[in-house]
1. Which order do you get for A:Met34, A:Met333 if you rank them by accessible area with a 1.4 Å probe, largest at the top?
2. Between 0 and 90 degrees, rounded to the nearest ten: what's the tilt of helix B:297-315 against the longest Cα principal axis of chain B?
3. Under 5 Å between amide hydrogens, which residues at least 5 positions from B:Gly81 or on another chain qualify, with H placed 1.01 Å from N in the peptide plane?
4. For A:Arg80 and A:His16, what is the calculated FRET efficiency with R₀ set at 56 Å and r taken between the beta-carbons, to the nearest 0.05?
5. Within the set of other residues whose C-beta is less than 9 Å from the C-beta of B:Gly235, count the net charge using Lys and Arg as +1 and Asp and Glu as -1.
6. Using only protein heavy atoms and a 1.4 Å probe, report how much of A:Trp343 is accessible, in Å² to the nearest 10.
7. If Lys and Arg each add +1 and Asp and Glu each add -1, what is the summed charge of the other residues whose beta carbon sits under 12 Å from the beta carbon of A:Thr192?
8. Using only Cα atoms, find the angle between the long axis of helix A:127-150 and the longest principal axis of chain A, and express it within 0 to 90 degrees, rounded to the nearest 10.
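The values are calculated or read from the model by the stated rules, or taken from the named source; none is laboratory data. Given the structure is predicted, the values throughout are model-derived calculations rather than measurements. Cβ placement follows ideal geometry from the backbone for every residue including glycine, while neighbour counts extend to all protein chains displayed. Just so you know, the surface numbers come from the protein's heavy atoms only, side chains and all, with ligands and any DNA or RNA stripped out. Shrake-Rupley method; radii C 1.70, N 1.55, O 1.52, S 1.80 Å.
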Amino acid sequence: MISTRILPLMRKEFIHIRRDPRSLLILFLMPLLMMFIFGYAINMDLKHIRLGICDLSRTPASRDMIEALKASPYFDVVVRYDNPGRTEKLFKKRLVRAVVIFDTDFERALERSAVTPLGVIADGTDANSATLVQNYLEGLFMGRSLEISSAGQEPPIRIKARMLYNPDMESAHFIVPGIVALLLIMIGALLTSVTIAREKEAGTMEQILVTPIRPYEVVLGKAIPYLVLGFGIAVFIMIFGHVWFEVPMRGAWSWLLLFCVVYIFTALAIGLLISTVVATQQVAMMLSLVATLLPSVMLSGFVFPIASMPQPLQWISKVVPATYFLIIIRGIMLKGNGLAELWPVVAAMSGIGVFFIAVAVKRFKLKL
Amino acid sequence: MPESAISVVNLQKQYGQTPALNSVSLEIRQGEMFGLIGPDGAGKTTLMRILSSLMDPDAGECRLLGISVKEHPEKVRRVIGYMPQRFSLYPDLTVGENLRFFADLFGVPRLDRQKRTEDLLGFARLSPFIKRRAGRLSGGMKQKLALCCALIHTPRLLILDEPTTGVDPVSRREFWEILKALKDQGVTLLVSTPYMDEAQRCDRIALIHKGNILAEGSALEVIARFPGKVVAVFGPDLPGLAGWFKKKLRSEQVQILGDRVRLNLFTQPRVSMDELCAGAEDAGIAIDAVDEVGPGLEDTFIALVAGKEEAHGAIG
């Protein structure tokens, strides 16, 4: 017979959720806020880079190049000057992120050989963007110089890099799925650990424990309502990411939502496990954040590629649920993966969830 | 049917190095209202939690209605009602929702539940508040609701941990009347309280102090164990009088009570009462009259604690 005590526990939990609209609002607004902050502030695209141009050559060839730079969406030509001595001042005043200097014999050199005397200076204080500036400029000039030097005839070899699945290098397409993974595990663990800690703090756990309830009933009665709530939040933020940040959906929503349920279940299991070792809401909150936020940001492949981590950290990343969900959500949304490609990952993630919940049930004591 | 409702044998419990229960043994009969009387930290809550199967003792055995708590905690939980010291219901649930929740956890059938809820709320005079959230009830009403929740599955044994602490005097009296009515219905009650005056309402009591049962029996029987006498001294300068006696006796023996100084002479003072009074007059503190009065439970408690400590000191 199915337990008759899980249903009343769930009903009670839904009443708690309904009677606390403020917390509910925060639960839905916090992800939105984080999505905006991460989605816009951590923008790894380089567009509209402020560029300075020092044209000493003043030839049709240099003017041609400058027109190309101006037309590029990556650069805004903000300063044009003749005295190379001003260059440093421009950087110090942070008027430009990079400058391009056309030497006096630019055109002649271009005609003579493919090695073009062209100066590119980038602001190295932001190494990341400096590298990208350099790459963008190199790419641009390489194309140009090849066109000019070969003058009509096909160049011998032309390398063209193409970014699969994210051709425009939109960082939102990588970031938004990552935030979904991060938020869901954080909210899931937080919700359950805090709600059980609250019962311990208020003494209501004592009153529940003197009833003929069983550990698995308490655990499931707590987990299911928050699974529903967590799923609601998940759908909300994924639709938001899809519509607002235009993250493509190349796979099937149904697979994504199904795997999402598995992921939230894993998050709740972590929360339940935490709740068996803490006595107060505050400690529950701290522990949940530490246990989910840090590994999910650092070790899941969200920010740093797992392949470049030291071996011990790679092992740890294998038990971080977000690692698997990131593969799942990026796979489905960006690559159009389905169960055929993702089943090993889903199985690993489910395994972690089942393990956590089993430990939580085992550790949950019917004593004070 | 077993004779005793609660049978406790040599129960021991320690929190780290601090002993909470020191070889406690108790017999509580069916249908009896039993009071566990003692100050904060005496071990009342520990004993009740062990009885309710919420805690494991270090040693000893307890049986409730013949069921061993250690072997069948889940059976014990079905037949007893337990009301913790702190208000432990959901403040954001209404009176009705709280009752329904506990009825469901105890598996009370739906038809019985409705009738039982109506009866209990009527009995506790909470019917008009069924839709009110528990957090918005007064202190006395909260305790009555907690009692109703503990009674929802019609337990034969009720364990109440300080149900009247922090409740106003009128509500306290009402609460005890409800308990009396339950006893009349045949429910066995174990009630703890720090208030000595409430002990008079119990059939039998046990005085508990630092994990030891000091005395057990009806309130009168316990008071009969008082070893000395209690004296009331009247005079115009009560603080002066009290100060004088405190110099000569232990401070817990002297108490200003209304128009008199009350002396708890559980041991014979080294000098006689007459000499003490003469000494006070000599010191310029006037005494109008000296009367012997009957000892109360509190006097007995103080005397027994002092006796226990002396005995302990003698051994040590």
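1. Working: A:Met34 35, A:Met333 5 Å².
Ranked from most to least accessible, the order is A:Met34, A:Met333.
2. Once rounded, the angle reads 80 degrees.
3. Those lying under 5 Å, H to H, from B:Gly81 are B:Leu157, B:Leu158, B:Ile159.
4. Details: r = 65 Å, r/R0 = 1.16.
The calculated FRET efficiency here is 0.30.
5. Values: positive: B:Arg260; negative: B:Asp237, B:Asp288.
Combined, the nearby Lys, Arg, Asp and Glu give -1.
6. 150
7. On the way: positive: A:Arg198, A:Lys222; negative: A:Glu13, A:Glu199.
That works out to 0.
8. 40
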